[in-house]
Structures are given as C-alpha cells and as structure tokens.
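Worksheet for the structure shown next.
The numbers here are math on the coordinates, done by the rules we state, and not lab data. Source: prediction; values computed, not measured.
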Amino acid sequence: MPDARKKPCCICRCWFRPDPRVGLRQRACKKPDCQAARRKKKQKEWREQHPDYFTARRMHERNEERRVPEPLELPSPLNQLPWDIAQDEFGAKGADFIGVMGALLLRAAQSQFKIYVPEDSRVTDTLHVKPAQSQIEPVREWIRVEKKAGATGYGRKGVPA
C-alpha cells in the first residue's frame, strides 16, 4: 500500500500515520490510552445496539446446564415468589423469561413512581389535629358494683359506686 497520509486521532486529536496493514480504517493512534478509550467507546455502542444480548445469552447458558439451575437472583418483591415451582411448571428457560420480564416491569413501574413527586408538603400531612377542647377519656374497665345495705358507697379498688 502506498504511504498513507497522516490523519487526526479520534480520541486525542494528535496527528498520526496509520498502520499500513489497517490503512484508512484506523481511527485512533497507537497510544495505549487512545486504544483503550476507542475500545471502550465501541463496546458501549455495540451494547446500545444489542441491549438484550447478554440477558439472552445468560438464559441460554442456564438452559444448557445439565443440572437444574438455581433460581435467578431477582429484586424484591420478586425474590419472594416460589421460583422452584415455576421452574417445574415452565422449565428453566420459561421461569427465567418470566423473572426477567417481571424485573423489567418492576423497574418500569418504579421509574414511573419517581416522576410523581408531591408538589405541596401540606397535601401529605393528613393526620388529624388535636382539638382545642379536651375530650372525655374512654372508660377502660367496667366494674359492676352492687350496693349492699350498710355499704360505705365504695366498691372494689376504691372506685366510687
């Protein structure tokens, strides 16, 4: 290949001469920092284009195992469900799918709750205010007192009859 012209690095913007084996496809210079930043950027782009790849891969690997896989580790309250029964009924792959779908729905619902923040703090204060006049306390214990002839007028425990 003829001598390639210099071009700017997409990371550090320094001019460099591309490797003749790569040619015009090379975007970053040979510095390790620039190569690491370019790789990180490309991996992020790939993950954004393929968001379900790793979830599907984990589900597939769990299904291929010879022994019965342990239930997925799911956020609360999904971790309280009987996932071993779901694995028996739907198989490991079906139970994993239901668990992942439940976690996705849970995350979506929780993100919706974060949107609705009460605007006025007085709205959330719904406790009753104590009345200005004191109320009669309810009687906690009823005692049946019978008046006997010659009684002093006091019943049990010194309570007036």
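Couple of notes before you dig in:
- Among the listed pairs 6/31; 6/30; 7/42; 40/93; 7/31; 42/93, a Cα-Cα separation exceeding 21 Å is found for 40/93; 42/93.
- Gained length - residue 7 relative to residue 89, 0.36 nm times residue gap less alpha-carbon distance: 23.5 nm
- Residues whose amide H falls under 5 Å from that of residue 16, counting only those 5 or more places apart or on a different chain, are 7, 9, with hydrogens built in the peptide plane.
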